[in-house]
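The values are calculated or read from the model by the stated rules, or taken from the named source; none is laboratory data. Quick caveat: nothing in here was measured; it's all calculated off a predicted structure. Cβ coordinates were reconstructed from backbone atoms using ideal geometry, including for glycine residues, and neighbour counts include every protein chain displayed. For accessibility, only protein heavy atoms count, side chains too; no ligands or nucleic acids. Shrake-Rupley method; radii C 1.70, N 1.55, O 1.52, S 1.80 Å.
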Amino acid sequence: MTLTSQTRILLVDDHHIFNEGLKRLINEQPGYSVCGQVYQSKDIFPAIENLRPHLILLDVNLKGVNGIDIGKRIIKDYPAIKVIVLTMYNQSKLLEESRKTGLHGYLLKDATTAKLLNGIETVLQGRSYFDEAILGTPQQEDQFTDTFAQKLNLTFREIEIIRLIKNGYTNEQIADQLHLSFFTIKTHRKNIHFKLGLTKVTELIDFAVKNGI
């Protein structure tokens with residue numbers, strides 16, 4: 001697409017203050033317009049149908065739902081839409097997962113305005129934009145390196161599943177949310193209980209609440 005017309009951008013982030021601030025920043029830029037704001041994963045695809053954005057800025061973690069998986073669905077169902085992950089996670093593993101999934105960019109939420117706009121413009125011109133600073137970040141292959149998760153040897157996927165369990169999701173619902181098989185979810189849950197030394201679901205929920213997961 002050309003940049004001469006107004007570019008419609010959809011914001012997907014469950015942090016309301018950040019979402020509002022990003023809206024103001026983008027709307028101040030010539031040629032860009034925030035056509036909508038989404039705060040929950042269930043509202044993403046209805047918003048896409050109604051608003052037809054050119055580009056989506058997508059958080060990687062939406063209350064336990066993997067934004068990268070959602071991005072994969074978006075580019076499959078709406079190949080004309082560009083998707084950039086905008087996240088607080090400075091993790092090369094997540095960046096590479098985004099790249100392999102076919103998403104168009106990966107930027108940190110603490111990026112400068114200039115870098116954010118450069119990333120958006122680059123992607124709209126048909127190229128990809130993955131923050132080079134993140135590519136140089138050391139990464140343990142099988143761990144999500146948030147300090148808390150690293151300490152407990154939990155993967156990013158396991159953190160997601162713990163959040164969904166805390167929110168009352170069944171194995172079948174988790175499998176549907178993450179686009180995984182029922183048996184894969186059962187295996188993940190078994191690994192989570194083993195790593196944390198827990199035997200009951202109530203113990204896992206209590207652990208998640210106490211640790212802010």
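The residues listed here are TYR89, TYR78; of these, the one that is modelled with pLDDT of 90 or more and either on the phi < 0 side of the Ramachandran plot or surrounded by fewer than 17 Cβ atoms within 10 Å (Cβ to Cβ) (or both) is TYR78.
For region 12-22, state whether one or more residues are in contact with a Phe, Trp or Tyr (Cβ under 6 Å, 6 or more places away or on another chain) and crowded, with 19+ Cβ neighbours inside 10 Å.
Narrowing region 12-22 to residues in contact with a Phe, Trp or Tyr (Cβ under 6 Å, 6 or more places away or on another chain): 14.
After this cut, where a residue has to be crowded, with 19+ Cβ neighbours inside 10 Å as well, the list is none.
No, region 12-22 contains no residue that is in contact with a Phe, Trp or Tyr (Cβ under 6 Å, 6 or more places away or on another chain) and crowded, with 19+ Cβ neighbours inside 10 Å.
Selection over region 57-69 of residues that are over 22 Å from GLU121 (Cα atoms) and either surrounded by fewer than 19 Cβ atoms within 10 Å (Cβ to Cβ) or modelled with pLDDT of 85 or more (or both) gives a count of 2. Of the residues making up region 104-149, those that are touching a Phe, Trp or Tyr at 6+ places or on another chain (Cβ under 9 Å), at pLDDT 95 or above, open to solvent by less than 40 Å² (accessible area, probe 1.4 Å) and over 21 Å from GLY21 (Cα atoms) are HIS104, THR122, VAL123.
Count of region 45-56 residues, restricted to those that are without any contact (Cβ under 8 Å) to a residue 60 or more places away in the chain and crowded, with 21+ Cβ neighbours inside 10 Å, is 2.
Residue count for region 23-44, restricted to those that are loosely packed, with under 15 Cβ neighbours inside 10 Å and hydrophobic (A, V, I, L, M, F, W, C): 1.
Test LEU94 against the stated conditions and say whether it is open to solvent by less than 60 Å² (accessible area, probe 1.4 Å), out of contact with any Lys or Arg (no Cβ under 6 Å at 6 or more places or on another chain), under 23 Å from ILE162 (Cβ atoms) and touching a residue at least 40 places away in the same chain (Cβ under 8 Å). If you could, list the steps in order and put the result at the bottom.
Details: open to solvent by less than 60 Å² (accessible area, probe 1.4 Å): yes; out of contact with any Lys or Arg (no Cβ under 6 Å at 6 or more places or on another chain): yes; under 23 Å from ILE162 (Cβ atoms): yes; touching a residue at least 40 places away in the same chain (Cβ under 8 Å): yes.
Taking the combined requirement at face value, the residue satisfies it.
Please determine, by comparing only the residues of region 74-103 that are basic (Lys, Arg) and in contact with a helix residue (DSSP H, G or I) (Cβ under 8 Å, 6 or more places away or on another chain), which one is nearest to ASN19 (Cα to Cα). For region 74-103, the residue satisfying everything is LYS82.
Anything in region 168-197 that is modelled with pLDDT under 90 and assigned to a loop (DSSP other than H, G, I, E, B)? List them, or say none. Hits for region 168-197 are HIS179, LEU180, SER181, GLY197.
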